[in-house]
Amino acid sequence: MTNATRVQVLEYLQAHRVATLATEADGNLWAAAVFYVSDGFTLYFLSSPTSRHGLNLAGNPRVAATIHEDYADWTEIKGVQLEGVTTQLSGADETAVRTLYAKKFPIAGDLAQAPEAIVRAMARVRWYRLDPRRIFFINNAAGFGSRAEVDIDA
């Protein structure tokens, strides 16, 4: 993995908004799309703790996720695959993430201006941190099936 790949992944995470999060509980798998914000390789998202994936996270914090676009041409496919561990945030950690999140999603930062449905939804969510353990960058523009693991500790 080159430093260029590392930079590509960081830029890709910043440029995108939705991760498909895969969770597991009692041998049952589930996938859900979540809006996220990144800080380096760490992702932050919000979700209802009573959603299926929220309940799964409460019992098993290990996840896998993908971030990608809906490409029509196989040779253009790019995306991020990762596995990691989630933590539910509270207190000062939650406050800091709310500020970071509002920069990417302004509607979440100014609830006084948000539609009532958003205000109600925001009152029910919990904030999560996803710490990746492994990350791969898929880049078919570099060759069909091109997949490079990123050294997140470098």
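Brief remarks follow.
- Translational diffusion of segment 3-150 was estimated from the Stokes-Einstein equation, with Rh taken as the Kirkwood radius over Cα pairs; at 4 °C and 1.567 mPa s the coefficient is 80 µm²/s.
- Here the 3J(HN,Hα) profile of segment 103-120, calculated from phi with Karplus coefficients 6.51, -1.76 and 1.60 at θ = phi - 60°, is 5, 8, 10, x, 4, 7, x, 10, 5, 5, 9, 7, x, 4, 4, 5, 4, 5 Hz, Gly and Pro shown as x.
- Under a 5 Å amide H cut-off, with hydrogens placed 1.01 Å from N, Ser48 pairs with Arg126 among residues at least 5 apart or on other chains.
- Helical runs assigned H by DSSP (4 residues or longer) give the chain a calculated mean residue ellipticity at 222 nm of -8500 deg cm²/dmol, each run adding -39500 (n - 2.57) before division by the residue total.
- Relative contact order (%) - criterion: Cα under 8 Å, at least six apart; region: the chain: 26
- With θ taken as phi - 60° and the Karplus curve 6.51 cos²θ - 1.76 cosθ + 1.60 applied, the whole-hertz 3J(HN,Hα) list for segment 127-134 is 9, 10, 10, 10, 9, x, 9, 9 Hz, x standing for glycine and proline.
- Remark on Glu69: its backbone amide H falls under 5 Å from those of Lys78, a criterion applied only to residues 5 or more positions apart or on other chains, H modelled at 1.01 Å from N.
- Nonlocal amide H pairs with Leu111, under 5 Å, H built at 1.01 Å: none
- A Cβ-based charge dipole, computed about the Cα centre of segment 3-150 with Lys and Arg at +1 and Asp and Glu at -1, lands at about 260 debye.
- Taking θ as phi - 60° and the Karplus parameters 6.51, -1.76 and 1.60, the scalar couplings of segment 65-79 work out to 8, 10, 9, 6, 9, 9, 7, 9, 10, 4, 6, 9, 4, 9, x Hz in sequence order, x denoting glycine and proline.
- Sites listed here are chymotrypsin sites (Phe, Trp or Tyr not before Pro) in segment 1-97 whose DSSP assignment is loop and whose Cβ has at most 16 other Cβ atoms within 10 Å: Tyr71.
Readers should treat all values here as calculations from the given coordinates under stated rules, not as data from a laboratory. Please read these numbers as outputs of a predicted model, since none were measured by experiment. Every residue, glycine as well, gets a Cβ built from its backbone with ideal geometry; the counts of neighbours run over all protein chains shown.
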